[in-house]
Amino acid sequence: MYPTLPPGRAVMVGYGKLLLHQLDRFLPPRSVVVVEDPDIVRKRDVHADVAKLPCVDAVIEAPYHRGDAYVGPVEEYLAGAPVSFVIPGLEYGVLGAATLAHRWKLPGAGVTAAEALTDKLRLRAAAQAAGLRGPEWTEVFGPADVAAFAAGGPVVLKPANRHASLGVQLLEPGDDLHAAWALTVDAQDHLMLPDTPLPWRYLAERRLHGREYSVEALVRGGEVLFSNVTGKLTAGGRHPVELGHVVPADLPAADRDGLTAALAALVAAIGYDTGVLHAEFMVDQAGPTLVECAGRIPGDSIVFLIDAAYGGELIRHLVALLAGSPPALTPRAAMASAIRFLAADTPGVVRDVAGVADAAARPGVLRAAVTVAPGDHVNALRSSWDRIGEVMTIGTTPAEAAQRADQAATAIRVHVEDVAP
């Protein structure tokens with residue numbers, strides 16, 4: 001059972017297409033106001049998309065990636081009408097949503113916390129000041145800075161304020177740092193960004209080693225009400241793109257408790273108030289080390305994995321939380337779920353896709369899909385956007401769910417032919 005939401009509109013900052021489709025399942029007609037930059041509205045054809053969703057009341061075209069120019073148009077449209085909650089639709093909307101929630105005295109992340117969650121340099125500084133375990137790091141402004149910091153050792157180079165693993169590289173001694181720097185700087189998802197130049201920042205970090213996990217949490221007033229630990233599988237090589245997840249993670253209770261404690265410490269370190277967090281950690285013999293943290297719903301279908309494993313709907317609980325009602329959460333997973341993402345072995349042109357129906361018919365498979373078709377061009381795996389499909393499964397244990405996902409993924413065959421320039 002879910003709490004009854006108070007009357008009033010919801011405001012979504014940043015057009016989160018998948019999130020909006022989930023909200024449309026239970027929010028009343030014409031209850032959501034979407035705020036999106038005019039450039040992105042045009043590039044993503046937002047008006048045509050939302051016309052299919054009864055819950056959407058309007059799309060306010062206003063820039064929110066830098067400054068507060070969006071506040072006036074939103075408040076002018078609302079004309080004093082009550083707002084029940086504010087939610088970020090995607091990574092770039094986290095600060096705008098926190099700003100509006102603070103301005104309207106509604107539950108939200110808090111502006112200072114949102115600033116840390118959307119800039120990895122700020123996040124590192126806050127975590128370090130609070131004594132949280134993290135890698136050595138520094139802001140870098142060019143290849144020479146990366147070289148000086150690396151001092152001949154392995155490092156991670158990444159943008160501080162982008163999303164979807166764009167531009168993240170694991171660099172080894174001897175790598176061409178000028179080429180690596182150019183690749184990181186140029187790695188931008190132009191479809192999700194306005195055409196206006198934005199101030200990008202970059203950092204270098206010492207390489208971490210261990211097992212990768214994420215912690216998803218719902219937080220109210222700085223208190224963690226619900227948490228889940230997700231096991232991760234990432235690609236090897238220079239680009240650590242995520243290729244799979246298992247919910248809940250198959251790990252000892254002590255490790256799970258250490259991760260949830262680390263998440264609670266992070267909440268305190270950045271002064272996070274209310275909403276959802278998706279934090280990534282590396283775990284070794286000494287415990288968890290913070291990799292990064294996002295202040296919006298997790299991507300990569302983790303929401304669906306949590307729903308399948310725990311029962312209920314995480315998004316409904318989040319909405320209740322942001323609207324000021326205590327969510328009724330299931331603290332333990334009754335089942336386990338897993339996902340495996342597909343990627344091309346080589347860049348080129350897709351010639352044939354086979355095995356999807358076979359994968360979908362296998363035991364425990366909830367979804368099997370490929371996002372490419374013959375004639376499409378696929379890229380080398382450098383970010384999440386380069387993946388070409390997924391298989392989602394359920395099982396009685398994390399090991400069973402993961403095994404089913406692995407087996408179903410191998411049934412899908414995408415033949416890609418390299419095309420010489």
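The values are calculated or read from the model by the stated rules, or taken from the named source; none is laboratory data. Just so we're clear, the structure is a prediction, and the values are computed from it rather than from any experiment. No Cβ is skipped: glycine too gets one built from the backbone with ideal geometry, and neighbour counts run over all protein chains shown. Areas reflect the complete protein model, heavy atoms only, side chains present, ligands, DNA and RNA absent. Shrake-Rupley method; radii C 1.70, N 1.55, O 1.52, S 1.80 Å.
The set of residues from the stretch 295-308 being among the aliphatic types (A, V, I, L, M) and assigned to a loop (DSSP other than H, G, I, E, B) comprises just one member, Ile297. Given the structure, is Val111 touching a residue at least 12 places away in the same chain (Cβ under 8 Å), out of contact with any strand residue (DSSP E or B) (no Cβ under 8 Å at 6 or more places or on another chain) and of a type in the set (A, V, I, L, M)? Against the criterion (touching a residue at least 12 places away in the same chain (Cβ under 8 Å), out of contact with any strand residue (DSSP E or B) (no Cβ under 8 Å at 6 or more places or on another chain) and of a type in the set (A, V, I, L, M)), Val111 qualifies. Taking each residue of the stretch 257-277 that is touching a residue at least 24 places away in the same chain (Cβ under 8 Å) and looking for partners that are surrounded by fewer than 17 Cβ atoms within 10 Å (Cβ to Cβ) and in a helix (DSSP H, G or I) with beta-carbon atoms closer than 6 Å, six or more apart or interchain, yields Gly271/Thr112. Comparison of Val219, Val224, Val246 shows that the only residue that is more than 27 Å from Glu400 (Cβ to Cβ), open to solvent by 10 Å² or more (accessible area, probe 1.4 Å) and either in contact with a helix residue (DSSP H, G or I) (Cβ under 8 Å, 6 or more places away or on another chain) or assigned to a strand (DSSP E or B) (or both) is Val224. Counting only helices (runs of 4 or more DSSP H) that sit wholly inside the stretch 40-116, those with at least 2 residues that are surrounded by fewer than 22 Cβ atoms within 10 Å (Cβ to Cβ) and of a type in the set (D, E, K, R) are 71-78.
Residues that are charged (D, E, K, R) and either open to solvent by 30 Å² or more (accessible area, probe 1.4 Å) or at pLDDT below 95 (or both) within the stretch 131-178 comprise Arg133, Glu136, Glu139, Asp145, Arg162, Glu172, Asp175, Asp176, listed in sequence order.
Condition check: in a loop (DSSP other than H, G, I, E, B) and open to solvent by 30 Å² or more (accessible area, probe 1.4 Å). Does Arg238 satisfy that? Walk me through how you get there before you give the answer.
Details: in a loop (DSSP other than H, G, I, E, B): yes; open to solvent by 30 Å² or more (accessible area, probe 1.4 Å): yes.
It is true that Arg238 is in a loop (DSSP other than H, G, I, E, B) and open to solvent by 30 Å² or more (accessible area, probe 1.4 Å).
Considered as a group, the residues in the stretch 184-195 that are modelled with pLDDT under 90 and under 13 Å from Pro38 (Cα atoms) include one that is most open to solvent (accessible area, probe 1.4 Å), and that residue is Leu191. Among the numbered conditions (1) part of a strand (DSSP E or B); (2) over 20 Å from Lys120 (Cα atoms); (3) at pLDDT 95 or above, the only one that Thr289 does not meet is (2). When the residues of the stretch 1-15 are filtered to those that are surrounded by 15 or more Cβ atoms within 10 Å (Cβ to Cβ) and modelled with pLDDT under 95, the one that is nearest to Tyr77 (Cα to Cα) is Arg9. In summary, helices (runs of 4 or more DSSP H) completely within the stretch 309-421 and bearing 1 or more residues that are surrounded by 17 or more Cβ atoms within 10 Å (Cβ to Cβ) and in contact (Cβ under 8 Å) with a residue 60 or more places away in the chain occur at 314-322, 398-411.
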